[in-house]
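The values are calculated or read from the model by the stated rules, or taken from the named source; none is laboratory data. Everything numeric in this text was worked out from a predicted model, so none of it was measured. With ideal geometry, Cβ positions are generated from the backbone for all residues, glycine too; neighbour counts draw on all protein chains shown. In case anyone asks, the SASA skips ligands and DNA or RNA and just uses the protein heavy atoms, side chains included. Shrake-Rupley method; radii C 1.70, N 1.55, O 1.52, S 1.80 Å.
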Amino acid sequence: GTGRSPSRLEKLLIGFLVLGAVAVVLSTSRNGLIAMIFAAAVTAAAMQFSRRVDGIGWSIVGVGLIATAVLLALGIDPVIERFEATSADPSGAMSTRLDLIRDTASMGAAFAATGAGLGTYALSFPGFDTTVRSGTAEHAENQYLELFAEMGAGGALLGFAFLAMLFLRLFQRPRESRKPADLGLFGVLFGVSALTFHSLTDFGIVVPAVGLLAATLAGAALGRCSSDCSTGVGRRVVAMGAGLLALAALGARVPTAIRGGEGWDQYSYAEMVREDVAEAGGVGTPEQHAAMVQHAGLAQEAEPANAEVVFRAVLARWSLAVATARGFDLESPPVTPISHPDLAGSAAAAVAGLQEVLLLAPTHGPSWSVAGQLRRVWLDDETEEAGQWILRGRALAPHHPAACLASAFELMRQDREAEGVLELERAVGVGAPRRDIVDLLAASLQSPVLALPFVEGDLGLTARLLSIVEVQDDQPLLQEDLEERYENLLIAACARPGASESQLFRLAAMERERGNLDEAADLLARVLSANPASSARFTYAELLAETGDVRGARRELRDVLNFHPGMGQATRLLEQLEGDR
């Protein structure tokens, strides 16, 4: 309104505003873009009522136009595609957030008076989560509902009262003041408005960088908006003392924060190894388990009050004990109290460790489940309390695979078979490996028939169930059925071009046992064409000798010894064939 040209500083600030707007849009964050537009509208409205300069709110429009021009030059197609995908299926895009809002509201209603406790959402919410999916939420997708759930109605009202006071001051002070320094409050208003709106669909304020900056700006803004800016010396001293105390409190938390960061790194390393072991079938190598125990232990030392970290450390030690008992062999039968009674001591130590977790977080469902199952299976605890622990863990952690598996075990133990099968289906839905279900049903519960639906069409799981039934040796009809299923699946797998070496070798062994030597030789030839150095070449040489192709057998045996000079079997067979010439 004054006709004055913008200064260099003002041009620089406009440039930063444009870059910020462009960055938000290019991030393809739908909520971020909407929150930015909302904040711009609120700030523009407040600037229009400012007595400092008439019509200053139009500067927001100017920044928006410049930002749009920059976006058009850079390319805005990814942003448009993101919004088109949302508009094509709005219910699908919002389904997860709507589920969280509904279940978080239920949690808030259950703790309406006092709240579940600040920062306890991740531990308390699973018991109210009604969805069936892998994993559970650590935060609600709505900051206000999460505040209500954690702090109750009183805490939520205090939070809303603070926001109302802050907005009132931010609207009032710039409108009444003619001091140039007060124009900076418009920037605070923009940031607070964007964060306030974005908190409807996200939880950004719990991110330390966002929350600390927001608190700092809010405090500075309220101080600037004080009706008496010319405070006396006494008030300044008090304010300075309060600020120094706040800084000291923050500084005292720095060592804890550093240890927490180090602990999180160690926890992440342990989780990476655990996922590798799970993908490999759940047994792993001695090196993997040693690494997992080491990293999980270091994480526990750094964060001894973190329930999830301590839980993972206890589980890592128990997993090492079980894998050691199995000789780190994926094909070995699962361990049981009958086959490995020496594991009872490790089980008791694990239960004691899980009880320490429950002292830290009584709502940590996986700890209840695993501890109850260890008591039932390994410590031969027939009390009702052990079963209650298992079912309590399932109620508190309905999305945790181990909790669902333990619950199914307990329900079937109580002869509630139909409920147990439904629980197993839920376990699959939340990410439980089918291999664990097969082991639970066939080995732990001695009910391999119930495991049949979970191995259908899977060669590896069918082989797993067959090996368990062969060890039990008390269901010949089921064993025969599984052998037939396994053979059909193996033939189908070997008919595909990408059949593995082990699959081809197993089918060749079956054909050889039946006397189909030519078919077995063809299968082994496929193995050798893919891997000339395979030890299957010795078996191939034996087959050639059995079919009368002695010359071919000698040739293959020489190749075997070239690849494996120390193979005594090949040397002896070659000497025998050479002597028969």
May I ask you to derive the relative contact order of region 456-581, considering only C-alpha pairs under 8 Å and at least 6 residues apart, and to give it as an integer percent?
13 percent
Quick calc of log₁₀ I(q)/I(0), region 271-345, Debye, one scatterer on every Cα, no solvent, q values 0.21 1/Å, result -0.91
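I'd like to check one number: the per residue accessible area of region 373-481, probe 1.4 Å, reported in Å² as a whole number.
Working: 4770 Å² over 109 residues.
Result: 44 Å² per residue.
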Region 288-343, accessible surface, carbon-and-sulfur percent (1.4 angstrom probe):
59 percent
Separation of alpha-carbon centers, region 283-336 and region 493-535, rounded to whole Å:
37 Å
Spin-label pair Gln472/Ile258, simplified geometry with 7 Å Cα→Cβ offset, distance in nm
5.7 nm
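Carbon and sulfur together cover what percent of the accessible area of region 494-578 at a 1.4 Å probe radius?
48 percent
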How large is the direction-averaged shadow of the alpha-carbon convex hull of region 464-548, in nm²?
6.1 nm²
Quote the Stokes-Einstein diffusion coefficient, in whole µm² s⁻¹, for region 255-391, based on the Kirkwood radius over alpha carbon pairs, a temperature of 20 °C and a viscosity of 1.002 mPa s.
138 µm²/s
Using θ = phi - 60° and the Karplus curve 6.51 cos²θ - 1.76 cosθ + 1.60, what whole-Hz ³J(HN,Hα) does each residue of region 428-441 get, with Gly and Pro shown as x?
4, x, 9, x, 6, x, 4, 4, 5, 5, 4, 4, 5, 6
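Under 8 Å for C-alpha pairs, at least 6 residues apart: give me the relative contact order for region 287-375, rounded to a whole percent. The partial results should precede the final answer.
On the way: 76 pairs, mean separation 24.2, N = 89.
That works out to 27 percent.
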Probe 1.4 Å, all protein chains in place: accessible area of Phe38 in Å², nearest 10?
80 Å²
Could you tell me the distance between the Cα centroids of region 111-158 and region 438-474, to the nearest Å?
41 Å
